[in-house]
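Chemist: Dumping the structure here so I can ask a few things about it.
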Amino acid sequence: MNQPAYLWKNNRGIYFFRARIPKQFSAYFTTPEIKKSLKTDSYRLAVKLARAYRVELDKEMEKLKKGAYGAFQVTLEGKIKAKLPDGSERPVEGKIERNLASLDELPSPQRIPA
């Protein structure tokens with residue numbers, strides 16, 4: 001009988017839920033996989049419990065994908081006086097929002113019209 005990939009049985013006969021963390025979410029976790037004892041030696045019960053954990057894990061991964069957890073979201077705001085090439089000074093305001101969990105390249109700098 002094929003068992004689900006997220007179901008694992010130790011040498012004492014106890015089943016565990018086991019799932020690898022996708023690389024795009026590895027910054028949120030300290031280990032490359034989640035492993036939790038299902039505290040049962042019954043295959044049928046283990047499958048039911050593991051499926052429930054899998055659904056919950058998929059929901060949490062979807063939340064991470066949508067940015068529901070803002071711990072890796074940073075907003076920088078500032079206002080400085082900038083010296084322009086003609087010698088005059090002008091106040092410049094800026095705001096940068098960055099998702100630190102994203103591996104995207106930084107946007108290219110934009111010129112501020114005088």
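Chemist: Right, P107: part of a loop (DSSP other than H, G, I, E, B) and modelled with pLDDT under 85 or not?
Modeler: Spelling it out, P107 is indeed part of a loop (DSSP other than H, G, I, E, B) and modelled with pLDDT under 85.
Chemist: Take residues that are surrounded by 14 or more Cβ atoms within 10 Å (Cβ to Cβ) and tell me which of the strands (runs of 3 or more DSSP E) falling wholly in region 1-47 contain 3 or more.
Modeler: 7-9, 15-20
Chemist: So, one more: I'd like to know if region 79-96 contains one or more residues that are modelled with pLDDT under 90 and in a helix (DSSP H, G or I). Walk me through it before giving the result.
Modeler: Going through region 79-96, the residues modelled with pLDDT under 90 turn out to be 79-96.
Now drop any that are not in a helix (DSSP H, G or I), which leaves none.
No - not one qualifying residue is present in region 79-96.
Chemist: Please specify each residue of region 26-61 satisfying the condition of being touching a helix residue (DSSP H, G or I) at 6+ places or on another chain (Cβ under 8 Å) and in contact (Cβ under 8 Å) with a residue 24 or more places away in the chain.
Modeler: If the condition is that a residue be touching a helix residue (DSSP H, G or I) at 6+ places or on another chain (Cβ under 8 Å) and in contact (Cβ under 8 Å) with a residue 24 or more places away in the chain, then A27, Y28, L38, T40, M61 are the ones that fit.
Chemist: Out of region 11-27, which residues are closer than 15 Å to S42 by Cβ and either aromatic (F, W, Y) or outside the structural domain of V55 (by TED's automatic domain parsing) (or both)? Even if it seems obvious, please write down each step before you answer.
Modeler: Taking region 11-27 first, the residues closer than 15 Å to S42 by Cβ are 12-17.
Y15, F16, F17, listed by residue number.
The values are calculated or read from the model by the stated rules, or taken from the named source; none is laboratory data. This structure is a prediction, so every number in the text was calculated from the model and none was measured. Note that we place each Cβ from the backbone using ideal geometry, even for glycine, and neighbour counts take in every protein chain shown.
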